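Report on the structure given below.
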Amino acid sequence: MATIPPCAAETPAQGGPARECLRLNDAAFDGDWDEQARTRKTWVEVCRQAVALERNDLRLKHLLARALTADGQREEAIGVWRELGEQNDADALFEIYDLYKSYYRSDVNAPQLVKRAEAEQALRKAAELGHAYAMLMLAVLLDRGDTVKRDPAGAIHWAERAVANPSKDVQAADMQVLLGRLLVKSSDPAEKARGIALLEKLAQAGRSDARTELAIAIRASDPARARALLEQGLSGYAGGAIPPLADMLIKGEGGPANPKRAVSLLAGRRASDVPGVKGALGLLYIEGKVVPRDLKKGPALLRTWAAWNYEARLQLLQLLADNPDLTIDYPGSILYDATEAAELGEPGAVMALIDLKLSQNAQFRDKPGGCALAEGAAKSGDESAARRVSQCGAD
């Protein structure tokens, strides 16, 4: 069920088409696939009629765009949202970003109705207009590196604003944990101290994820307490606590080494579907020190984590470039993320993409594309890229 933007719900709908458009928005589309398809088309048509009759009702325009999206007519839906976005409609701007995130991030060669730059601009503008969830998403993406370039200070700024203006779809404490996690990574001692204090408070209130983030923050200075906090975290949201705890168990930080238990935690059922846990286990298989090396299982596990973590993406790209026989599921999305990071200027992204394209890996080899990237980077003064250009004259 689509919610109606509060800012667009001020004018009551008058006519029959408007009432039917609203009713279908709240209706469950029952029946077989054909019947549901007919209902979606009916929804589009009655919403078209409603908008034609009541052109100033922003709520109806939103519902028309949603009906069009549900019916697969995304190009027209985007047009409606763009029109609303030009009127500083924050909900419409967020929908533009959301369409990009949902539909246009899998193939660099496919037509894109919404491109990355437009999605970023729409998300930023929605956040600036006070859209609570856009603020939260912008903070997350500025930290993670996805659609927008990573910016630690910017992430903290928008997390602060998200905490001050919480989204109704997220618990206030969730946003506070996010802010604390971002603050403790800051190079500013005052911000780091503020983050630790915030995580301490949340941990004492029973937030398991706050304990985990606090442990990560104090690991270098107080490994014994960090390890104890991670052990406590296993009784809550274990997925966050397992990767750092396993690493400490392997290295013997904060207590005796126990690699066997580390592997057991990572491979156990408790958090086997958590991307970070899969990534940590995948790295063990790739390294082959604690478990036998497995370049089939390891990259497949790391690939899941790479969708959420930029450093993991770089590791995966290098692994694919260095191992020509290695294949991976959904190579198009990997290439898309790598291309996006290079366009954003993320550190190491351009060289990782060049190396991947110039490699012998059949899934990614693209010598003309790699050479073009290398030549462009070399002209900008990148010495590593200049060295890669020498490969372009060879067969």
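Structure notes:
- Test: residue in the stretch 314-324 that is surrounded by fewer than 18 Cβ atoms within 10 Å (Cβ to Cβ) and more than 29 Å from ALA267 (Cβ to Cβ): no
- Of the numbered criteria (1) without any contact (Cβ under 8 Å) to a residue 24 or more places away in the chain; (2) surrounded by fewer than 16 Cβ atoms within 10 Å (Cβ to Cβ); (3) in a helix (DSSP H, G or I); (4) of a type outside the set (S, T, N, Q), the one ASP98 fails is (2).
- Among (1) outside any loop (DSSP other than H, G, I, E, B); (2) surrounded by fewer than 21 Cβ atoms within 10 Å (Cβ to Cβ) - the single one ASN56 does not satisfy: (1)
- Those residues of the stretch 345-369 which are buried (at least 18 other Cβ atoms within 10 Å of the Cβ) and within 14 Å of ARG313 (Cβ to Cβ), in sequence order: GLU346, ALA349, VAL350, MET351, ALA352, LEU353, ASP355, LEU356, PHE364
- Consider the stretch 172-212 and keep the residues that are of a type outside the set (Val, Ile, Thr) and in contact with a Phe, Trp or Tyr (Cβ under 8 Å, 6 or more places away or on another chain). The one that is surrounded by the fewest Cβ atoms within 10 Å (Cβ to Cβ) is SER208.
- Residues in the stretch 238-273 that are closer than 19 Å to ARG219 by Cβ and of a type in the set (Lys, Arg): LYS251, ARG261.
- Residue in the stretch 34-57 that is farther than 30 Å from ASP366 by Cα and touching a residue at least 60 places away in the same chain (Cβ under 8 Å) present: no
- Screening GLY255 on (1) part of a loop (DSSP other than H, G, I, E, B); (2) under 30 Å from ALA172 (Cα atoms) shows it passes everything except condition (2).
Residues are listed down the side, and each one gets a yes or a no for (1) under 28 Å from MET137 (Cα atoms); (2) touching a Gly at 6+ places or on another chain (Cβ under 8 Å); (3) of a type in the set (Gly, Ala, Ser); (4) not in a loop (DSSP other than H, G, I, E, B):
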{"position": "VAL263", "(1), (2), (3), (4)": "no, no, no, yes"}
{"position": "ALA271", "(1), (2), (3), (4)": "yes, yes, yes, no"}
{"position": "VAL277", "(1), (2), (3), (4)": "yes, yes, no, yes"}
{"position": "ILE286", "(1), (2), (3), (4)": "no, yes, no, yes"}
{"position": "THR304", "(1), (2), (3), (4)": "yes, yes, no, yes"}
{"position": "TRP308", "(1), (2), (3), (4)": "yes, yes, no, no"}
{"position": "LEU314", "(1), (2), (3), (4)": "yes, yes, no, yes"}
{"position": "LEU320", "(1), (2), (3), (4)": "no, no, no, yes"}
{"position": "ASP325", "(1), (2), (3), (4)": "no, no, no, no"}
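- Number of residues in the stretch 135-185 that are under 25 Å from SER106 (Cβ atoms), touching an Asp or Glu at 6+ places or on another chain (Cβ under 7 Å) and assigned to a helix (DSSP H, G or I): the value is 1.
- Restricting the stretch 326-353 to residues that are closer than 15 Å to VAL108 by Cα and β-branched (Val, Ile, Thr) leaves a set whose member that is nearest to the chain's Cα centre (by Cα) is ILE334.
- Single unsatisfied condition, PRO111 versus (1) touching a Phe, Trp or Tyr at 6+ places or on another chain (Cβ under 7 Å); (2) without any contact (Cβ under 8 Å) to a residue 24 or more places away in the chain: (1)
No lab work stands behind these numbers, since they all come straight from the coordinates. Quick caveat: nothing in here was measured; it's all calculated off a predicted structure. So basically every Cβ, Gly included, is an ideal-geometry build from the backbone, and we count neighbours across all protein chains shown.
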